[in-house]
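The values are calculated or read from the model by the stated rules, or taken from the named source; none is laboratory data. Not measured: the values here are computed from a predicted model. All Cβ positions, even for glycine, are placed from backbone atoms using ideal geometry, and neighbour counts span all protein chains on display. Areas reflect the complete protein model, heavy atoms only, side chains present, ligands, DNA and RNA absent. Shrake-Rupley method; radii C 1.70, N 1.55, O 1.52, S 1.80 Å.
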Amino acid sequence: SYTLSWELPAKDYFSGSYYLRDTQSGTLTELTDGQTYRFEVEATATAKAPNSPLLGGTQGGYRTAHKAQTTPRFELILTTQGLEELQDLPSQITLNQNYPNPFNPSTIISYELPQQGHVRLTVYDMTGRQVATLVDTQMSAGRHQVSFNAMNLSSGVYMYRLQAGGAMLTRQLTLIK
(Lines give C-alpha, C1' and ligand atoms only; values in the text may rest on other atoms or scores of the structure.)
Protein backbone atom coordinates (compact mmCIF):
# COMPACT_ATOMS: atom_id res chain seq x y z
CA SER A 1 0.00 0.00 0.00
CA TYR A 2 1.18 3.50 -0.82
CA THR A 3 -0.13 6.96 -0.01
CA LEU A 4 0.57 10.05 -2.12
CA SER A 5 0.42 13.46 -0.49
CA TRP A 6 1.23 16.87 -1.92
CA GLU A 7 1.57 20.57 -1.35
CA LEU A 8 0.38 22.79 -4.20
CA PRO A 9 2.20 25.92 -5.42
CA ALA A 10 0.83 29.34 -4.54
CA LYS A 11 -2.14 30.51 -6.63
CA ASP A 12 -0.07 33.33 -8.16
CA TYR A 13 2.14 30.65 -9.74
CA PHE A 14 -0.77 28.91 -11.55
CA SER A 15 -4.42 29.96 -11.29
CA GLY A 16 -5.93 26.75 -12.66
CA SER A 17 -6.75 23.36 -11.15
CA TYR A 18 -4.57 20.31 -10.56
CA TYR A 19 -5.81 16.76 -11.11
CA LEU A 20 -4.25 13.34 -10.56
CA ARG A 21 -5.36 10.59 -12.93
CA ASP A 22 -4.72 6.98 -11.86
CA THR A 23 -4.29 5.35 -15.28
CA GLN A 24 -4.83 1.87 -13.83
CA SER A 25 -8.13 2.51 -12.05
CA GLY A 26 -9.29 5.48 -14.16
CA THR A 27 -9.83 7.57 -11.01
CA LEU A 28 -9.57 11.33 -11.50
CA THR A 29 -8.91 13.29 -8.29
CA GLU A 30 -8.75 17.06 -7.95
CA LEU A 31 -5.68 17.96 -5.92
CA THR A 32 -6.15 20.29 -2.97
CA ASP A 33 -3.66 21.05 -0.19
CA GLY A 34 -3.56 18.49 2.59
CA GLN A 35 -5.37 15.79 0.59
CA THR A 36 -3.91 12.30 0.03
CA TYR A 37 -4.46 9.46 -2.43
CA ARG A 38 -4.03 5.83 -1.36
CA PHE A 39 -3.35 2.99 -3.81
CA GLU A 40 -2.04 -0.56 -3.77
CA VAL A 41 0.42 -2.44 -5.92
CA GLU A 42 0.13 -6.19 -6.07
CA ALA A 43 3.38 -8.11 -5.67
CA THR A 44 3.85 -11.66 -6.90
CA ALA A 45 6.17 -14.38 -5.65
CA THR A 46 8.78 -15.00 -8.33
CA ALA A 47 11.33 -17.38 -6.83
CA LYS A 48 12.50 -19.01 -3.66
CA ALA A 49 14.84 -16.52 -2.01
CA PRO A 50 18.41 -17.56 -1.22
CA ASN A 51 19.34 -17.89 2.46
CA SER A 52 21.92 -15.09 2.25
CA PRO A 53 20.74 -11.77 3.73
CA LEU A 54 23.19 -10.04 1.35
CA LEU A 55 21.08 -11.23 -1.59
CA GLY A 56 17.85 -10.06 -0.03
CA GLY A 57 16.80 -13.54 1.04
CA THR A 58 15.42 -14.82 4.30
CA GLN A 59 15.23 -18.33 5.67
CA GLY A 60 12.46 -20.03 3.61
CA GLY A 61 11.19 -16.65 2.32
CA TYR A 62 10.15 -15.52 -1.13
CA ARG A 63 11.39 -12.67 -3.23
CA THR A 64 8.69 -10.41 -4.63
CA ALA A 65 8.69 -8.36 -7.78
CA HIS A 66 6.41 -5.77 -9.31
CA LYS A 67 5.31 -6.23 -12.90
CA ALA A 68 6.92 -3.53 -15.06
CA GLN A 69 4.43 -1.09 -16.57
CA THR A 70 4.82 0.29 -20.06
CA THR A 71 2.74 3.37 -19.26
CA PRO A 72 3.01 5.59 -16.18
CA ARG A 73 0.66 4.72 -13.32
CA PHE A 74 -0.19 8.38 -12.66
CA GLU A 75 -0.67 11.47 -14.77
CA LEU A 76 -0.58 15.00 -13.36
CA ILE A 77 -3.00 17.26 -15.23
CA LEU A 78 -3.07 21.04 -15.02
CA THR A 79 -6.08 22.81 -16.50
CA THR A 80 -7.46 26.32 -16.53
CA GLN A 81 -10.91 25.15 -17.65
CA GLY A 82 -11.82 22.73 -14.87
CA LEU A 83 -13.22 19.23 -14.80
CA GLU A 84 -15.43 19.67 -17.90
CA GLU A 85 -12.33 19.83 -20.11
CA LEU A 86 -10.98 16.58 -18.63
CA GLN A 87 -14.21 14.63 -18.93
CA ASP A 88 -14.12 15.22 -22.68
CA LEU A 89 -10.94 13.14 -23.07
CA PRO A 90 -11.17 9.93 -25.12
CA SER A 91 -11.48 6.68 -23.18
CA GLN A 92 -9.22 4.63 -25.49
CA ILE A 93 -6.57 4.95 -28.19
CA THR A 94 -8.27 5.39 -31.56
CA LEU A 95 -6.94 5.71 -35.11
CA ASN A 96 -9.59 7.16 -37.40
CA GLN A 97 -9.96 6.62 -41.13
CA ASN A 98 -8.21 9.36 -43.09
CA TYR A 99 -10.35 11.96 -44.83
CA PRO A 100 -10.76 12.29 -47.70
CA ASN A 101 -10.08 8.76 -48.87
CA PRO A 102 -9.22 8.26 -51.72
CA PHE A 103 -7.22 11.49 -51.83
CA ASN A 104 -4.95 13.59 -54.07
CA PRO A 105 -2.41 14.79 -52.96
CA SER A 106 -3.12 15.38 -49.24
CA THR A 107 -5.35 13.92 -46.55
CA ILE A 108 -5.99 14.32 -42.82
CA ILE A 109 -5.29 11.50 -40.36
CA SER A 110 -6.79 11.89 -36.88
CA TYR A 111 -6.26 9.90 -33.70
CA GLU A 112 -7.26 10.02 -30.04
CA LEU A 113 -5.21 9.42 -26.90
CA PRO A 114 -6.71 8.88 -23.43
CA GLN A 115 -3.40 9.86 -21.79
CA GLN A 116 -0.14 11.48 -22.75
CA GLY A 117 2.66 9.35 -24.13
CA HIS A 118 5.04 8.75 -26.97
CA VAL A 119 3.28 8.53 -30.34
CA ARG A 120 4.65 7.28 -33.64
CA LEU A 121 2.53 7.59 -36.80
CA THR A 122 4.10 6.13 -39.95
CA VAL A 123 3.04 5.39 -43.52
CA TYR A 124 4.08 2.25 -45.44
CA ASP A 125 3.69 1.10 -49.01
CA MET A 126 2.20 -2.34 -49.71
CA THR A 127 5.66 -3.97 -49.75
CA GLY A 128 6.18 -2.85 -46.13
CA ARG A 129 8.67 -0.11 -46.93
CA GLN A 130 8.26 2.96 -44.71
CA VAL A 131 7.57 6.01 -46.89
CA ALA A 132 6.82 8.67 -44.27
CA THR A 133 6.98 9.40 -40.54
CA LEU A 134 4.24 11.88 -39.65
CA VAL A 135 4.61 11.93 -35.85
CA ASP A 136 7.38 10.65 -33.56
CA THR A 137 7.18 12.54 -30.27
CA GLN A 138 5.46 12.88 -26.87
CA MET A 139 1.83 13.92 -27.28
CA SER A 140 -0.74 15.10 -24.74
CA ALA A 141 -4.02 13.31 -24.11
CA GLY A 142 -6.84 14.34 -26.42
CA ARG A 143 -7.78 14.45 -30.08
CA HIS A 144 -5.07 15.11 -32.66
CA GLN A 145 -4.84 15.35 -36.43
CA VAL A 146 -2.01 15.53 -38.91
CA SER A 147 -1.93 16.36 -42.61
CA PHE A 148 -0.23 13.87 -44.93
CA ASN A 149 0.97 15.23 -48.27
CA ALA A 150 1.73 12.37 -50.69
CA MET A 151 2.73 14.57 -53.63
CA ASN A 152 6.00 12.63 -54.10
CA LEU A 153 4.37 9.17 -53.99
CA SER A 154 2.79 7.21 -56.79
CA SER A 155 -0.87 6.20 -56.91
CA GLY A 156 -1.75 3.16 -54.85
CA VAL A 157 -2.85 1.74 -51.52
CA TYR A 158 -0.76 2.56 -48.46
CA MET A 159 -0.97 1.58 -44.80
CA TYR A 160 -0.68 4.00 -41.89
CA ARG A 161 0.18 2.78 -38.41
CA LEU A 162 -0.21 4.43 -35.00
CA GLN A 163 1.94 3.20 -32.10
CA ALA A 164 0.99 4.64 -28.70
CA GLY A 165 0.64 3.40 -25.15
CA GLY A 166 1.56 -0.17 -26.05
CA ALA A 167 -1.10 -0.29 -28.78
CA MET A 168 -0.52 -0.59 -32.51
CA LEU A 169 -3.38 0.32 -34.87
CA THR A 170 -3.27 0.19 -38.67
CA ARG A 171 -5.53 1.46 -41.47
CA GLN A 172 -5.38 1.79 -45.26
CA LEU A 173 -5.43 4.89 -47.38
CA THR A 174 -5.66 5.23 -51.17
CA LEU A 175 -3.78 7.80 -53.21
CA ILE A 176 -5.19 8.52 -56.68
CA LYS A 177 -3.33 10.90 -58.99
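With every protein chain kept in place and ligands, DNA and RNA left out, what is the accessible area per residue of the range 112-177? Probe 1.4 Å, answer in Å².
55
Using a 10 Å cut-off on Cβ atoms, rank the peptides 112-122, 140-150 from the highest mean neighbour count down.
The most tightly packed comes first, giving 112-122, 140-150.
How large, in percent, is the carbon and sulfur part of the accessible surface of the range 114-177 at a probe radius of 1.4 Å?
48
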